[in-house]
Amino acid sequence: MSKCLICENNFKPFVDFGNMPIANAFAKKVVSKDNYTFRMKVGFCENCYMVQLIEQPDREKMFHENYAFFSSTSNYMKEHFKSLANSIAKFQGLNKDSFVVEIGCNDGILLENFVFDGIPCLGIEPSENVARVAKSKGIQVISDFFDKSIVEDVLSSYKRADVIISANVMCHIPYIHSIFDGVKALLKEDGIFVFEDPYLGEVIDKTSFDQIYDEHVFLFSALSVSTLANMHELELINVEHQITHGGSMRYTLAHKGIKKVSENVSNLIIKEKKIGLDKRHSYEGFAKDVDKIKCDLILVLKDLRDRNKKVVAYGATSKSTTVINYFGITTDLVKCIYDTTPIKHYTFSPSANIPILPYEEFRQSQPDYVLLFAWNHATEIMRKEKSYMEKDKHWITYIPKVEIH
Ligand code: DWN
Ligand code: SAH
């Protein structure tokens, strides 16, 4: 039995991935099997509806000076965040007297749009290497973890925020009550708190199990977010589906009773109850669905190996750490992974030691099959590689099922 991070209710896990390394621990040299791992199990709390990791490594092990994920590696995501900044600025009527705070601004992919429009803003980002890139874009950044303890410091130098934003960060933080307390204290009376994260409904529907790794401690739904908001005198006032990261949800919160609540919220909650996101039995088939993908993909990869086909992978994602280690993918099945992120080049994938090579070498590699680990960017990547892949090369994808294109 485990204790819920939200309501302290007891619950049992519904899937166990075994021991997993830190998803972004790309190693400079081949590491031995006794490298750090944690037990990756996921459970559902029937009391507050939160889907969560049972155990998570310490935050300093994951977010630090050598954090490997730089948000601006996707052009589509740049466009997405530009449109998010514009829609928030319009909704709240932001101008040069407003103040926007982003929790987990990474390399400034979102805040650069506010800087461009002359809207004062501040990023709070603990991973110093990515924070430095944001600062180089003229963005003010506090290089620290956000929680309620730093709000007093922020308020001693800045005013309360019209908008607090956070993309793909809230789901990373087990001390979420401290975050919500901090948001409550930092947010103006009529301010809004907007965050987006991979959506539980999509993860279950598509069996996108690789959204589960050390950094992703929660999989949110409107059911769980509205419960959590209520515990902090905040209110979920809107939900908007996003196609990013394989299916995400944008949640807008405000101080309780201040803003009009969109009917999107009750509609989504009704839908979530209809598909059973509030019932434990709905999660019971998940592990079996993951194992079906595992069997199918390993069968395909072994067959290609036996037929002497060259298989490489594309995108050294955090998600791929779950796929590689849970499926037991080794270099005899996938030769290497190509990626555009300089910090990942000439490193080895966590635990499995698959070499990561610069994207430029992909164009010379002449593979027969390319396993797309960055499947969430499939539209952008497949469009970019269309002419190269046309010449007798095939993509392999595995979400929601194994397919060869
Ligand atoms: O939640 C998180 C999301 C936002 O980003 C973090 N916990 C960590 C990270 O997760 P991820 O590593 O699974 O994210 P992506 O965006 O799926 O990673 C894409 C990877 O693929 C990057 O390493 C960059 C690379 N890439 C590439 O080589 N060529 C990406 C694109 C679009 C490309 O064209
Ligand atoms: N917002 C970006 C980055 C997501 S990656 C995007 O959507 O692409 C997750 C980020 O959260 C990392 O940059 C990590 O350093 C940051 N992070 C983790 N814990 C945090 C905390 N307590 N406060 C602020 N940022 C945090």
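The values are calculated or read from the model by the stated rules, or taken from the named source; none is laboratory data. None of these values were measured; they are calculated from a predicted model. Because the Cβ atoms are built from the backbone with ideal geometry, glycine has one as well, and the counts that use them run over all protein chains shown.
Some observations on this one:
- Test: residue in region 157-168 that is surrounded by fewer than 22 Cβ atoms within 10 Å (Cβ to Cβ) and under 22 Å from MET62 (Cβ atoms): yes
- Against the numbered list (1) more than 15 Å from VAL51 (Cβ to Cβ); (2) among the aliphatic types (A, V, I, L, M); (3) touching a residue at least 24 places away in the same chain (Cβ under 8 Å), ILE243 comes up short only at (3).
- Answer from VAL323, VAL312, VAL300, VAL334 - the residue that is in contact with a Lys or Arg (Cβ under 6 Å, 6 or more places away or on another chain), away from ligand 2 (no atom under 16 Å from the Cβ) and of a type in the set (Val, Ile, Thr): VAL312
- Test: CYS121 is closer than 19 Å to SER83 by Cα, under 24 Å from the mean Cα position of the chain (by Cα), crowded, with 16+ Cβ neighbours inside 10 Å and within 15 Å of ligand 1 (Cβ to nearest atom): no
- Given (1) closer than 23 Å to GLY93 by Cβ; (2) within 12 Å of ligand 2 (Cβ to nearest atom), number of the condition PRO120 does not satisfy: (2)
- Summed over region 74-83, residues that are surrounded by fewer than 19 Cβ atoms within 10 Å (Cβ to Cβ) and out of contact with any Asp or Glu (no Cβ under 7 Å at 6 or more places or on another chain) total 4.
- For ILE399: the one exception among (1) within 22 Å of ILE243 (Cβ to Cβ); (2) part of a loop (DSSP other than H, G, I, E, B); (3) within 16 Å of ligand 2 (Cβ to nearest atom): (3)
- Filter pass, TRP375 being more than 16 Å from ligand 2 (Cβ to nearest atom), under 26 Å from the mean Cα position of the chain (by Cα) and crowded, with 21+ Cβ neighbours inside 10 Å: yes
- On the stretch given as region 10-35, residues that are in a loop (DSSP other than H, G, I, E, B) and more than 16 Å from ligand 2 (Cβ to nearest atom) total 10.
- Residues of region 98-113 that turn out to be out of contact with any Pro (no Cβ under 8 Å at 6 or more places or on another chain), more than 15 Å from ligand 1 (Cβ to nearest atom) and either over 18 Å from PHE81 (Cβ atoms) or not β-branched (Val, Ile, Thr) (or both), as a count: 3
- Considering PHE69, PHE44, PHE91, PHE38, the condition of being within 14 Å of ligand 2 (Cβ to nearest atom) and among the hydrophobic types (A, V, I, L, M, F, W, C) is satisfied by PHE69 alone.
- Scope region 221-240; condition in contact with a helix residue (DSSP H, G or I) (Cβ under 8 Å, 6 or more places away or on another chain) and touching a residue at least 60 places away in the same chain (Cβ under 8 Å); matching residues: SER221, LEU223, SER224, LEU228, MET231
- Listed conditions (1) among the β-branched types (Val, Ile, Thr); (2) crowded, with 20+ Cβ neighbours inside 10 Å; (3) under 27 Å from GLY247 (Cα atoms) are all met by THR347, apart from (3).
- Just one residue in the set LYS273, LYS319, LYS310 is under 26 Å from MET170 (Cβ atoms), more than 16 Å from ligand 1 (Cβ to nearest atom) and at pLDDT 95 or above; that residue is LYS273.
- Filtered by the rule that a residue be within 24 Å of ILE204 (Cβ to Cβ) and either under 17 Å from the mean Cα position of the chain (by Cα) or of a type in the set (S, T, N, Q) (or both), region 21-64 gives ALA23, MET40, VAL42, ASN47, MET50, VAL51, GLN52, LEU53, GLN56.
- For region 74-87, the condition of being assigned to a loop (DSSP other than H, G, I, E, B) and out of contact with any helix residue (DSSP H, G or I) (no Cβ under 6 Å at 6 or more places or on another chain) holds for none of the residues.
- Any hit, region 59-71, residues being without any contact (Cβ under 8 Å) to a residue 12 or more places away in the chain, within 24 Å of ALA134 (Cβ to Cβ) and within 15 Å of ligand 1 (Cβ to nearest atom): no
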